[in-house]
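Notes for the one structure printed next.
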Amino acid sequence: MGSVSIDLSLANVWRSWEKFRQGKTLTKELDYFNYYLEKNLYQLYTEINNGRYQHGGYQHFIITDNKRRQISVAGIRDRVVHRLLYEYLVNICDQTFIFDAWSCRAGKGLAGAIERTQKFLHIHPYSLVWRADIKKFFNSIDHKILLKLIGLKVRDTKALWLLGEVVSSYSTSAKITAKPRSKLSRAKGMSIGNLTSQIFANIYLNELDRTVKHRLKPKAYLRYGDDFIIIEKNPRQLQFNRKKIIDFIKNNLLLEINIKNDIIVKTGRGLHFLGCEIFPQGRRLNKRNWTRINTKCNLSNFSSYSGLLRQHSNEKKIIQHNWQALIKLNI
């Protein structure tokens with residue numbers, strides 16, 4: 001696994017560009033890069049192989065999608081490097097992830113995670129489920145820990161150098177006091193806008209996944225992004241596992257549980273999780289997402305939203321949405 005070498009050939013740089021380009025809306029920056037495409041890609045290839053590549057800066061903007069978030073987007077040449085590194089890491093790391101890590105993986109995804117959660121509630125009807133997530137996860141990822149974990153899977157020196165460039169290109173770190181009269185700067189944070197951040201997040205939280213699955217061994221465990229659940233029949237066992245997980249996250253990953261979403265409920269009563277209300281026998285979109293769909297529905301996203309409703313709502317809700325959409329879109 002660790003002996004796999006990264007392909008930094010010009011052909012692979014071109015492949016990474018082509019994969020990055022797919023589905024992208026034409027912008028002024030993209031048009032300009034594409035106009036001098038051969039020159040830009042050859043220069044990038046040369047800098048990477050001569051050890052002179054340096055990651056550029058970011059453009060920052062705010063989006064409000066359920067919650068307010070800052071998105072930081074790198075330049076096009078850096079995003080080509082992100083794609084190259086992403087493909088390399090997925091090939092090495094994805095096979096080491098547990099089955100029930102559902103975010104940003106081929107053949108997985110949000111819909112599958114929701115269906116899997118419902119199945120767990122159905123087969124454990126008289127149990128307890130602990131639902132939790134990580135406080136400010138992307139802003140809190142420790143660079144040193146992340147690079148150490150990557151180093152356990154990657155041995156190629158050029159790959160490690162490039163990965164270090166990407167990891168260190170973005171930081172939300174603040175100085176923390178280590179000892180009286182001394183300060184230690186711990187670099188933290190990952191850009192939500194980077195493609196590499198998806199695989200970095202799974203590498204980072206894979207430590208949690210494997211600890212839970214192979215040491216604590218609950219009745220059920222599932223993680224999507226930094227949201228996760230565990231199910232136990234015995235209340236004392238659930239509290240024991242909860243404490244162990246909180247301690248592990250704090251001591252080994254330098255992260256914290258979000259106290260607002262630190263919730264234990266009976267599986268039979270259903271669970272608010274991943275934008276849905278999930279029950280042993282069914283599921284529906286929560287009120288916030290239902291309102292969001294009806295508010296933001298337009299001609300370009302109507303089919304996508306309709307598909308989401310068909311998966312996670314009953315017939316009455318689907319008909320109601322379709323009538324509201326007809327009135328709003330005047331069709």
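The values are calculated or read from the model by the stated rules, or taken from the named source; none is laboratory data. Only a predicted model underlies this, so the values are computations on that prediction, with no experimental measurement involved. Quick reminder, even Gly has a Cβ in these numbers, built from the backbone with ideal geometry, and neighbours come from all protein chains shown. What goes into the accessible areas is simple: the full protein's heavy atoms, side chains included, and nothing from ligands, DNA or RNA. Shrake-Rupley method; radii C 1.70, N 1.55, O 1.52, S 1.80 Å.
Suppose we filter segment 230-288 for residues that are outside any strand (DSSP E or B) and not acidic (Asp, Glu); how many remain?
Count: 37.
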Check your understanding: Is it the case that some residue within segment 255-273 is touching a Ser or Thr at 6+ places or on another chain (Cβ under 6 Å), under 26 Å from residue 149 (Cβ atoms) and at pLDDT 95 or above?
Key -> yes
Check your understanding: Residues that are crowded, with 17+ Cβ neighbours inside 10 Å and at pLDDT 95 or above: which helices (runs of 4 or more DSSP H) entirely in segment 1-113 hold 1 or more of them?
Key -> 10-21, 37-50, 76-93
Point to revise | Close pairs from segment 241-269: first farther than 26 Å from residue 186 by Cβ, partner among the acidic types (Asp, Glu), Cβ under 7 Å, at least 6 apart | key: 241/232
**Study point:** Check on residue 116, in a helix (DSSP H, G or I), closer than 30 Å to residue 5 by Cα and either modelled with pLDDT of 95 or more or in contact with a Cys (Cβ under 8 Å, 6 or more places away or on another chain) (or both)
**Key:** no
Check your understanding: Hey, any hits in segment 236-244 for a residue that's of a type in the set (Phe, Trp, Tyr) and over 27 Å from residue 139 (Cα atoms)?
Key -> yes
Review point. So which pairs qualify, if the first residue must be in segment 127-153 and over 19 Å from residue 265 (Cα atoms), the second must be among the acidic types (Asp, Glu) and crowded, with 18+ Cβ neighbours inside 10 Å, the Cβ gap must be under 6 Å, and the two must be at least 6 apart or on different chains?
Key: 137/226
Review point. Has segment 209-229 got at least one residue that is touching a helix residue (DSSP H, G or I) at 6+ places or on another chain (Cβ under 7 Å), crowded, with 17+ Cβ neighbours inside 10 Å and among the polar types (S, T, N, Q)?
Key: no
Review point. Residue 131: in a strand (DSSP E or B) and closer than 30 Å to residue 282 by Cβ, yes or no?
Key: yes
**Study point:** Close pairs (9 angstrom Cβ cut-off, 6 or more residues apart or separate chains): closer than 17 Å to residue 61 by Cα and open to solvent by less than 80 Å² (accessible area, probe 1.4 Å) in segment 179-199, at pLDDT below 80 and among the basic types (Lys, Arg) anywhere
**Key:** 192/69
Exercise for review: Spot the failing condition for residue 146; the list is (1) open to solvent by 70 Å² or more (accessible area, probe 1.4 Å); (2) at pLDDT 95 or above; (3) within 14 Å of residue 200 (Cα to Cα); (4) within 16 Å of the chain's Cα centre (by Cα), and only one is missed.
Suggested key: (1)
Point to revise | Subset tally (residues that are of a type in the set (A, V, I, L, M) and closer than 22 Å to residue 7 by Cβ) for segment 92-112 | key: 2
Point to revise | Enumeration of residues in segment 149-174 that are surrounded by 21 or more Cβ atoms within 10 Å (Cβ to Cβ) and part of a helix (DSSP H, G or I) | key: 150, 159, 162, 163, 166, 167
Point to revise | Tabulated pairs, segment 31-50, first farther than 14 Å from residue 76 by Cα, second of a type outside the set (Asp, Glu) and open to solvent by 100 Å² or more (accessible area, probe 1.4 Å), C-beta under 9 angstrom, 6+ apart or interchain | key: 46/52; 47/54
Practice item. Inspect segment 8-18 for any residue being out of contact with any strand residue (DSSP E or B) (no Cβ under 9 Å at 6 or more places or on another chain), at positive phi and touching a residue at least 40 places away in the same chain (Cβ under 8 Å) and give the result as yes or no. Key: no
